[in-house]
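The values are calculated or read from the model by the stated rules, or taken from the named source; none is laboratory data. As the structure is a prediction and not an experimental result, all values here were calculated from the model. Because the Cβ atoms are built from the backbone with ideal geometry, glycine has one as well, and the counts that use them run over all protein chains shown.
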Amino acid sequence: MAVSGNSLLSAIMLAIFSAVLIVAVGYPPEARLMPMIIGLAGACLSLAQLWQSLAAGRRPNRPARVGAGAPAGRCEARLLAWFAGFLLGIVAFGFLIAAPVMILGFLVIEQRERAMLAGALAFGCLAVLYLVFELLLELSLHRGLVAQLLAS
């Protein structure tokens with residue numbers, strides 16, 4: 001069985017996040033929380049992606065939803081535009097606004113998901129960001145330049 005690029009990338013990411021977890025164990029307790037959270041989340045997501053890509057290799061090929069039927073470079077350009085929009089949204093409006101809005105927009109516009117499902121996922125993103133960072137870790141996420149301008 002040939003290994004796809006997606007499977008290989010997922011395996012590399014799993015190895016990187018696993019290395020982060022291993023290195024974080026040696027840190028002092030007050031310094032290991034953030035690498036452990038990021039490493040654990042990244043390893044779990046990489047493992048899920050690896051599982052999904054290996055399972056997809058056993059099924060007949062289906063066209064991807066993003067850019068299906070689009071010219072070769074067009075799909076990548078659209079995804080890069082979404083990523084750039086996400087970064088600009090974070091800088092302008094902060095994580096708590098940009099992340100759910102971009103997730104909602106991407107799922108509805110690019111993936112053609114139902115608005116209710118996309119809205120629920122965007123709300124879940126907001127809840128996780130707020131609960132984990134603001135409440136649990138007591139870290140203030142970037143609020144955005146627009147909020148700083150309005151506050152001053």
Single condition Leu88 does not satisfy, out of (1) at pLDDT below 90; (2) in the same structural domain as Cys125 (by TED's automatic domain parsing); (3) within 28 Å of Leu145 (Cα to Cα): (1)
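Would you check which residues across segment 22-43 are surrounded by 12 or more Cβ atoms within 10 Å (Cβ to Cβ) and within 20 Å of Leu136 (Cα to Cα) and list them? Outline the logic, then answer.
Residues of segment 22-43 that are surrounded by 12 or more Cβ atoms within 10 Å (Cβ to Cβ), as a first pass: 23-24, 27, 32-43.
Selection gives Ala24, Arg32, Leu33, Met34, Pro35, Met36, Ile37, Ile38, Gly39, Leu40, Ala41, Gly42.
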Segment 80-91 residues that are of a type in the set (D, E, K, R), paired with ones that are surrounded by 13 or more Cβ atoms within 10 Å (Cβ to Cβ) (beta carbon under 8 Å, 6 or more apart): none
